[in-house]
Structure formats: C-alpha cells, structure tokens
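See structure below.
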Amino acid sequence: MSKTKYSEKAQEKVGKVMHKFKEGKLKSSSGEKVTNRKKAVAIGISEAKQEGLKVPKKKKE
C-alpha cells in the first residue's frame with residue numbers, strides 16, 4: 001500500500017491553514033467559523049489545488 005504524495009509547498013499550505021484553524025481564525029467560503037478538523041484539511045487541500053500545487057487526485061472506490 002503506497003502513501004499519497006503531496007508536494008512540499010502543498011504540505012506547507014495545509015500546515016498554514018491548520019495553524020489558522022487551531023487559532024480559531026479559519027473561516028469557510030460562507031464566512032462561518034470552521035470547527036471540524038476534516039473540513040479544515042479539505043480547505044487546505046482545495047487552496048493548494050487552486051494554486052496549482054501537486055496534490056493527488058481523490059481515490060475512487
């Protein structure tokens with residue numbers, strides 16, 4: 001089983017978003033405060049994709 005590979009820049013982006021989440025300053029696109037850790041990670045990955053960073057495609061079952 002191989003682990004998914006994210007670029008260093010993508011990892012940094014997710015890390016910055018998680019830092020905002022832990023401070024309680026992360027907001028969703030609708031302007032509401034994000035309180036769910038999984039949603040925070042999804043926001044970080046989404047922002048990394050928008051910047052064109054290397055993020056693996058979603059795994060299909």
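Derivation of every value follows stated rules applied to the coordinates shown; laboratory data play no part. Owing to the predicted nature of the structure, the values given are computational and were not obtained by experimental measurement. We place every Cβ from the backbone using ideal geometry, glycine too, and count neighbours over all the protein chains shown.
All of Val14, Val55 fail the test of being touching a Gly at 6+ places or on another chain (Cβ under 7 Å) and surrounded by 14 or more Cβ atoms within 10 Å (Cβ to Cβ), apart from Val14.
Of note, Thr35 does not satisfy the criterion of being among the polar types (S, T, N, Q) and touching a Pro at 6+ places or on another chain (Cβ under 9 Å).
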